[in-house]
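The values are calculated or read from the model by the stated rules, or taken from the named source; none is laboratory data. It should be emphasised that the depicted structure is a prediction, and the values quoted were computed from it without experimental measurement. For neighbour counting, all protein chains shown are included, and Cβ atoms are generated from backbone atoms with ideal geometry for every residue, glycine included.
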Amino acid sequence: ALACCHQHKSARFVAIDLSPEALAVADANAKALGLSDRVEFRQGNRLEPVASEGRFDVILSNPPYIPTAIIPTLEPGVRLYEPHQALDGGEDGLRVVAPLIEESVPLLKPGGHLILEIGSDQEVPVRSLIAAQPQLKLVPTVRDHANHPRVVRATRI
């Protein structure tokens, strides 16, 4: 959220995380970077903390998307540093992603954007989940420097 806030000077942001500790670190960083007047931090699950607040121009998420069985094989710098709940996407890596897609539809303004970071092997299932939402129109997937699918995007019709 802070990188987006820094890049988009006129926008306001609501950042959501399950972890109060992660939110405290993000809040301290926002203050240190002079961004705290444009970003609000809320603790909660997926989009629940903003579910009754109207519509958004953009919903951007880096959800937990790593399948549970893969976590022990991650490099120690990731596996030992990042909180488990920030990584673990359940059996197929879509435990958070699938409901997040459904929850985003009523919260996006017409023309609003859904932007999701994904695992490199999740493009097809995530695009299928989005395609199942008639109010969302898929746009091209963003690939990383190794040409792996990394960000799936859709626009609210």
* Matching residues, the stretch 68-105, being touching a residue at least 40 places away in the same chain (Cβ under 8 Å) and of a type outside the set (V, I, T) -> P83, Q85, A86, P99, L100, E103, S104
* Out of the residues in the stretch 89-111 that are among the small types (G, A, S) and surrounded by fewer than 22 Cβ atoms within 10 Å (Cβ to Cβ), which is nearest to the chain's Cα centre (by Cα)? -> A98
* Asked: Got a sec? Which of I70, I118 is on the phi < 0 side of the Ramachandran plot and out of contact with any helix residue (DSSP H, G or I) (no Cβ under 8 Å at 6 or more places or on another chain)?
  -> I70
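A quick yes/no check of all residues on (1) outside any helix (DSSP H, G or I); (2) small (G, A, S); (3) surrounded by 15 or more Cβ atoms within 10 Å (Cβ to Cβ):
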| site | (1), (2), (3) |
| --- | --- |
| K9 | yes, no, no |
| G34 | yes, yes, no |
| A69 | no, yes, no |
| Q85 | no, no, no |
* Structure fact -> G77 fails exactly one of (1) farther than 24 Å from S104 by Cβ; (2) surrounded by 16 or more Cβ atoms within 10 Å (Cβ to Cβ), namely (2)
* To do: For the stretch 52-59, state whether one or more residues are over 17 Å from E103 (Cα atoms), out of contact with any Gly (no Cβ under 9 Å at 6 or more places or on another chain) and exposed (fewer than 13 other Cβ atoms within 10 Å of the Cβ).
  => no
* Tell me, please, whether a residue that is of a type in the set (V, I, T), at pLDDT 95 or above and under 25 Å from R42 (Cβ atoms) can be found in the stretch 80-96. => yes
* To do: Name the single residue, out of those in the stretch 121-136 being touching a helix residue (DSSP H, G or I) at 6+ places or on another chain (Cβ under 9 Å) and hydrophobic (A, V, I, L, M, F, W, C), that is nearest to V58 (Cα to Cα).
  => L136
* Look through L60, L100, L94 and report the one residue that is aliphatic (A, V, I, L, M), closer than 23 Å to R127 by Cα, in a loop (DSSP other than H, G, I, E, B) and in the same structural domain as R127 (by TED's automatic domain parsing). => L94
* Structure fact -> Selection over the stretch 119-145 where residues are assigned to a loop (DSSP other than H, G, I, E, B) and in contact with a Ser or Thr (Cβ under 8 Å, 6 or more places away or on another chain) yields a count of 1
